[in-house]
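The values are calculated or read from the model by the stated rules, or taken from the named source; none is laboratory data. Source: prediction; values computed, not measured. As a convention, Cβ positions derive from the backbone with ideal geometry for all residues, glycine included, and neighbour counts pool all protein chains shown.
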Amino acid sequence: MKKLIPALVLGLCLMGCSGANSPQIDARALARGSVAALNDAWVAAGDICAAVATAEKNDALRAQCQSILVPVYDSLHLAALAVDGWDATAQKNFPCLIKDIIMGLSQAKVLVEDTGAKLPQLVDDALALASSFAPQCQMSDGGS
Amino acid sequence: MSSTLLALLALIESALGEFPQLLADIESLIAKVKGNSVATPPPPPLAPQIEAQDKAVLDELSKPVGS
């Protein structure tokens, strides 16, 4: 024990020093976390939208939610496949998929909040987390 | 040679004697850390999880509600 403590301190110091040289978050880890968070937000938006439409017997609202959220699901699924593969093509396409998801979820948020319902904080948190990828889409597609 | 100097030499000798053990402890610690990182399984694929989680919501959104 007497020898282990200095060894532990030195080992932790060495690990800490090497860690200090690479403070960046791994891109794949950030991508995975962003897709998982956006998916939670998508589920929350879909659940609340369906619940409000059912409670108000408002099929137009349900249809609007469906027309916004189904394409977002398709982009989420493609983004998840991109994370699972994470090759050069997947990394190139990922930011624009995230941008599509953010735009769709933002539309769904406005639609739900116009009914007086409120989406949970996790939706805004997911949008904020994933927003770091969106500018990379603008750079790769020429700023559309 | 004074007794203080002798004591100091004994202390240095003792510290040097422990140095190889200290290195061995560090190597063992690093090997454990590396071993743990290698043993960590890869995360499960994300796409099937999303399909499974979202199916119920997609079904719910596709059902017309009475107006």
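One line per residue, one yes/no per condition, for (1) surrounded by fewer than 22 Cβ atoms within 10 Å (Cβ to Cβ); (2) of a type in the set (Gly, Ala, Ser); (3) touching a strand residue (DSSP E or B) at 6+ places or on another chain (Cβ under 9 Å):
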residue: A:Leu78; (1), (2), (3): yes, no, no
residue: A:Ala88; (1), (2), (3): yes, yes, no
residue: A:Ile98; (1), (2), (3): no, no, no
residue: A:Ile101; (1), (2), (3): no, no, no
residue: A:Lys118; (1), (2), (3): yes, no, no
residue: A:Asp124; (1), (2), (3): yes, no, no
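So for the stretch A:9-19 (the condition being surrounded by 14 or more Cβ atoms within 10 Å (Cβ to Cβ), modelled with pLDDT under 90 and assigned to a helix (DSSP H, G or I)), does at least one residue qualify?
Scanning the stretch A:9-19, I find at least one residue that is surrounded by 14 or more Cβ atoms within 10 Å (Cβ to Cβ), modelled with pLDDT under 90 and assigned to a helix (DSSP H, G or I), so the answer is yes.
Residues checked against (1) surrounded by fewer than 12 Cβ atoms within 10 Å (Cβ to Cβ); (2) under 36 Å from the mean Cα position of the chain (by Cα); (3) part of a loop (DSSP other than H, G, I, E, B); (4) at pLDDT below 85:
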{"position": "B:Met1", "(1), (2), (3), (4)": "yes, no, yes, yes"}
{"position": "B:Leu6", "(1), (2), (3), (4)": "yes, no, no, yes"}
{"position": "B:Leu11", "(1), (2), (3), (4)": "yes, yes, no, yes"}
{"position": "B:Ser14", "(1), (2), (3), (4)": "yes, yes, no, yes"}
{"position": "B:Gln49", "(1), (2), (3), (4)": "no, yes, no, no"}
{"position": "B:Glu60", "(1), (2), (3), (4)": "no, no, no, no"}
{"position": "B:Pro64", "(1), (2), (3), (4)": "yes, no, yes, no"}
{"position": "B:Ser67", "(1), (2), (3), (4)": "yes, no, yes, yes"}
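For (1) more than 14 Å from chain B (Cβ to nearest Cβ); (2) more than 21 Å from A:Asp26 (Cβ to Cβ); (3) hydrophobic (A, V, I, L, M, F, W, C); (4) more than 13 Å from the chain's Cα centre (by Cα), each residue gets a yes or a no:
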| position | (1), (2), (3), (4) |
| --- | --- |
| A:Ser67 | no, yes, no, yes |
| A:Ala79 | no, no, yes, no |
| A:Val83 | no, no, yes, no |
| A:Cys96 | yes, no, yes, no |
| A:Pro120 | yes, yes, no, yes |
| A:Cys137 | yes, no, yes, yes |
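Restricting attention to the stretch B:35-44, does a residue exist that is surrounded by 10 or more Cβ atoms within 10 Å (Cβ to Cβ) and either at pLDDT 85 or above or within 30 Å of A:Ala79 (Cα to Cα) (or both)?
Yes.
I'd like the residue in the stretch A:56-65 that is of a type in the set (D, E, K, R) and over 12 Å from A:Ala45 (Cα atoms) and, out of all such residues, is farthest from the other protein chains (Cβ to nearest Cβ).
Among those that are of a type in the set (D, E, K, R) and over 12 Å from A:Ala45 (Cα atoms), it is A:Glu56.
Test A:Ile101 against the criterion of being over 16 Å from the mean Cα position of the chain (by Cα), within 13 Å of chain B (Cβ to nearest Cβ) and touching a residue at least 40 places away in the same chain (Cβ under 8 Å), and give yes or no.
no
From A:Gln136, A:Gln107, grab the single residue that is part of a helix (DSSP H, G or I), at pLDDT 95 or above, surrounded by 15 or more Cβ atoms within 10 Å (Cβ to Cβ) and not hydrophobic (A, V, I, L, M, F, W, C).
Within the list A:Gln136, A:Gln107, the selection yields A:Gln107.
Got a sec? Which of A:Asp114, A:Asp74 is within 12 Å of chain B (Cβ to nearest Cβ), exposed (fewer than 15 other Cβ atoms within 10 Å of the Cβ), over 12 Å from the mean Cα position of the chain (by Cα) and acidic (Asp, Glu)?
A:Asp74
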